[in-house]
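Q: A single structure is presented below for examination.
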Amino acid sequence: MSALENLPDTDHGLLRFLTCGSVDDGKSTLIGRLLFDTKTILADTLHAIEKTSAKRGMTAVDLSLLTDGLQAEREQGITIDVAYRYFSTGTRKYIIADAPGHEQYTRNMVTAASTANLAIILVDARKGVLTQTRRHSYLASLVGIPHLVVAVNKMDLVDYDEAVFERIKADYLAFGAKLGIKDVRFIPLSALNGDMIVDRGERLSWYDGPTLLEILETVPAAHTEQAENFRFPVQFVCRPHDSANPELHDYRGFMGRVESGEIAIGDAVTVLPSGRISSVRDIQIGGVSQLRAIHEQSVTLLLADEIDISRGDMIVKSAEQPQALKEIDATMCWLSETPMSPARTYLLRHTTREVKAKIAKIDYRLDVNTLEHEPVTTLAMNDIANLTLKLAQPVFADPYTDNRATGAFIVIDESTNNTVGAGMIR
Amino acid sequence: MSTLTRQTLTHLDWLEAEAIHILREVAGQCSNPVLLFSGGKDSICMLRLAEKAFRPGRFPFPLMHIDTGHNYKEVTDFRDKRAAELGERLIVRSVEDSMARGTVVLKTPDESRNKHQSVTLLEAIEEFGFNACIGGARRDEEKARAKERIMSFRDEFGQWDPKNQRPELWNLFNARSHKGENIRAFPISNWTELDVWQYIEREQLELPSIYFAHVRPVVRKNGLLQPVTDVTPAKPGDVVENVQVRFRTVGDITCTAPVESDADTVAKILLETATTTITERGATRMDDQTSDASMEQRKKEGYF
């Protein structure tokens, strides 16, 4: 694998993935190995970690040091926050969300997982499927990650024994089936020695599946292969008022990102909440027209009719309308050190829309380790609960399992402006 | 008119779409943002992204540069020219003015003014009442930046608290702040140095001449090439050489070093960037070499 010695002539887009595991699972070593073997690590960075490894009395270079970000973490020797890493193979660019593995785990993992399309779940070959493996898998499924790779690491410490790998695979499948993730793959590896990550190595000859990098290179980069409904939350309205250019007098551009689906000139659209109907007259990027726009593109839409539209409104295809909800049933993860106050009014942001929200009822808290339901009256940091929220104005939503963009929301505490909750509409 | 044939975006199109989305979120959520423009390559990309986000309208924010007074003339000339071409308002605030006011005090007359930009930046934020500063920083530049949010909250003193950052989920960015506080927004957080050069090539963006190979007097020090200029004259005993160099990053003269290179076009720079063995800041930044944590320390104090 020679990473970037040749500039890309094909572009397979960008894949965001997440690594789940604790320091002990060799997660940092795995990421370090991916960066190192794809030749992303440059000489001066390597030199710096060589120095640190030597200072700590290690004989080999500790690749896990590559992902230790902040001073506080370096002092404690643990990763305490989500960090993002980048590498490219020449055909595909990768963004790794590296989520840490101790008590703030749920919050950090939900954060990291929210933008990922693949999760690597690390299992220590000596320990097999643990409580945390179940927790990682449940959270990955909760946040709707479509592709899961169960990486059985530290195969070097079990003599690269195929029976160990097969036993872990069977254990995992026994509980994993309940989670409903369709694409789960298993791979034996040794991050320490680099077996089956970028190179196959020579000690896992009984395994004939793809290497980890081959999986990453070929998995679909899009969140879903299904056709999705067109959803266009309006972020900003462009009215140039440029007196020097009379052509722009009546220009009204509705700026936003195609959160899902696609749109073409001439398509019939409905604007929410007004319900006004029009059609797409033009689609522009930076004032330049194009015939259509697809999922994830940031564009400007011009409509055939003069309609009053502002930030927080949503443009959809008239034939594919979302639900207008003033009460939402959701699964929510509490993110703040300050517990939820059920009597308070919070601010809910859904797409570009902000509405006041109150807790109507909490059905139960879910134990992420046992998946058991527990009755609660409030939520503390890292709690995940099923609940109902009452909203001051409607939001235009789809179930999260159908649409990640219009099924998700965050909760903001207006006194601090902190983001305190993350929710998925059921 | 262009047509799209593929169902997913190329990596550059994806990065561009994300950056435009972030710029529009800042414009939609913050009443008084500003875009920091130095004339460097990352901020030149930012201007193109702002054009794509907001044209045919004007930018919903002015441009601002915090000038240490120790910038290369090629870069500040370019800065002024580019702002004029775009017809957008450019604010320049100077570290030298802060020195005259006594809010920046140098330990020694030849101390680098780079880290003191934070003071001038905070003064400008207060002067104009900005509640969001948009910058071209990237997470791949430095370890402390790898954990920075795209919308990064700063308190009244401009301080960053890495242990108490707002969780950032999905594409739901929270750019809210109370009066006196502000948000630093980083639309190209997810770009690497190579992405930036690929974007410059694709968009055919013009750059200050010092990004391309040229002959310049330098002194070799601590593995870096220190340019010999009026601000950084050769000291007795220094061996001055004329070397063909280019800058990978431009900033304050006292802390930005060029690299040896004969790349005189964007295409050649791209090839060099793809095959280099030294990180961008490692090869070029004297200020990051002080300690493993020096960037983190400066950021906590309000640095960009």
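The values are calculated or read from the model by the stated rules, or taken from the named source; none is laboratory data. Note that the structure is a prediction, hence the values are computed from the model and not measured. Here the Cβ is made from the backbone with ideal geometry for all residues, glycine too, and neighbour counts use every protein chain on show. Note: areas computed on protein heavy atoms with side chains; ligands, DNA, RNA excluded. Shrake-Rupley method; radii C 1.70, N 1.55, O 1.52, S 1.80 Å.
Q: Which of the residues that make up segment A:151-177 are in contact (Cβ under 8 Å) with a residue 40 or more places away in the chain and surrounded by fewer than 19 Cβ atoms within 10 Å (Cβ to Cβ)?
A: A:D156, A:E162, A:D171, A:F175
Q: Take segment A:209-244 and flag every residue that is more than 10 Å from chain B (Cβ to nearest Cβ) and of a type in the set (K, R).
A: Passing the criteria: only A:R231.
Q: From the list B:P56, B:P109, which one is open to solvent by 60 Å² or more (accessible area, probe 1.4 Å) and free of Cβ contacts under 8 Å to residues at least 12 places away in the same chain?
A: On inspection, the qualifying residue turns out to be B:P109.
Q: Pairs, please: C-beta under 6 Å, at least 6 apart or cross-chain, first residue of a type in the set (K, R) and in segment A:318-333, second open to solvent by 30 Å² or more (accessible area, probe 1.4 Å) and at pLDDT 95 or above?
A: Within 6 Å, the pairs are A:K326/A:P394.
Q: Moving on. If you check A:K27 against the conditions, is it surrounded by 24 or more Cβ atoms within 10 Å (Cβ to Cβ), within 11 Å of chain B (Cβ to nearest Cβ) and at pLDDT 70 or above?
A: Considered against the rule, which asks whether it is surrounded by 24 or more Cβ atoms within 10 Å (Cβ to Cβ), within 11 Å of chain B (Cβ to nearest Cβ) and at pLDDT 70 or above, A:K27 comes out as no.
Q: Of everything in segment B:172-204, what is under 30 Å from A:F232 (Cα atoms), among the aliphatic types (A, V, I, L, M) and open to solvent by 10 Å² or more (accessible area, probe 1.4 Å)? Give them in sequence order.
A: B:L172
Q: Here is a check on your reading of the model: is A:A177 touching a strand residue (DSSP E or B) at 6+ places or on another chain (Cβ under 6 Å) and either in the same structural domain as A:L213 (by TED's automatic domain parsing) or part of a strand (DSSP E or B) (or both)?
A: no
Q: Here is a follow-up. Working only within segment A:138-159, note down all residues that are in a strand (DSSP E or B) and either in the same structural domain as A:N382 (by TED's automatic domain parsing) or not β-branched (V, I, T) (or both).
A: Answer for segment A:138-159, where residues must be in a strand (DSSP E or B) and either in the same structural domain as A:N382 (by TED's automatic domain parsing) or not β-branched (V, I, T) (or both): A:H147, A:L148, A:A151, A:N153.
Q: Continuing with this model, one more query. Kindly evaluate A:L302 against the criterion of being touching a strand residue (DSSP E or B) at 6+ places or on another chain (Cβ under 9 Å) and closer than 30 Å to A:Y160 by Cβ.
A: No.
Q: Could you please find all residues in segment A:369-415 being open to solvent by less than 40 Å² (accessible area, probe 1.4 Å), part of a strand (DSSP E or B) and among the polar types (S, T, N, Q)?
A: The answer is A:N386, A:T388.
Q: Just one of B:E16, B:E51, B:E96, B:E85 is assigned to a helix (DSSP H, G or I), surrounded by 21 or more Cβ atoms within 10 Å (Cβ to Cβ) and of a type in the set (D, E); which is it?
A: B:E16
Q: Just wondering, is there one or more residues in segment B:46-57 that are within 30 Å of A:D11 (Cβ to Cβ) and away from every other protein chain (no Cβ under 14 Å)?
A: No: segment B:46-57 contains no residue that is within 30 Å of A:D11 (Cβ to Cβ) and away from every other protein chain (no Cβ under 14 Å).
Q: Cβ-Cβ distance below 7 Å, separation of 6 or more or different chains: which pairs start in segment B:262-284 with a residue that is closer than 17 Å to A:K39 by Cα and end on one that is at pLDDT 90 or above?
A: Partner pairs satisfying both residue conditions: B:L270/B:W197; B:L270/B:Q198; B:L270/B:E201; B:E272/B:S261; B:E272/B:A263; B:T273/B:W197.
Q: Within segment A:295-315, can you find the residues that are at negative phi and in contact (Cβ under 8 Å) with a residue 60 or more places away in the chain?
A: A:H295, A:T300, A:L301, A:I309, A:S310, A:R311, A:D313, A:M314, A:I315
Q: Tell me, which strands (runs of 3 or more DSSP E) wholly within segment A:252-367 include 2 or more residues that are more than 21 Å from A:P240 (Cβ to Cβ) and either within 13 Å of chain B (Cβ to nearest Cβ) or open to solvent by 20 Å² or more (accessible area, probe 1.4 Å) (or both)?
A: So the answer is A:262-264, A:276-285, A:292-294, A:323-334, A:345-350, A:353-366.
Q: A:I80 is checked against (1) over 19 Å from A:T29 (Cα atoms); (2) at the interface with chain B (Cβ under 8 Å from one of its Cβ atoms); (3) modelled with pLDDT under 90 and fails just one. What number does that condition carry?
A: (1) is the only condition that A:I80 fails.
Q: Check A:V234 against each of (1) outside any helix (DSSP H, G or I); (2) surrounded by fewer than 15 Cβ atoms within 10 Å (Cβ to Cβ) and name the one condition it does not meet.
A: Result: A:V234 fails condition (2) only.
Q: Search segment B:113-170 for residues being assigned to a helix (DSSP H, G or I) and within 14 Å of chain A (Cβ to nearest Cβ), and hand back the single one that is farthest from B:T256 (Cα to Cα).
A: Among those that are assigned to a helix (DSSP H, G or I) and within 14 Å of chain A (Cβ to nearest Cβ), it is B:K147.
Q: If a residue has to be small (G, A, S), open to solvent by less than 10 Å² (accessible area, probe 1.4 Å) and touching a strand residue (DSSP E or B) at 6+ places or on another chain (Cβ under 6 Å) to count, how many in segment B:19-47 make the cut?
A: Result for segment B:19-47: 0.
Q: Within segment B:100-115, how many residues are at pLDDT 85 or above and closer than 21 Å to B:R154 by Cβ?
A: Selection size over segment B:100-115: 2.
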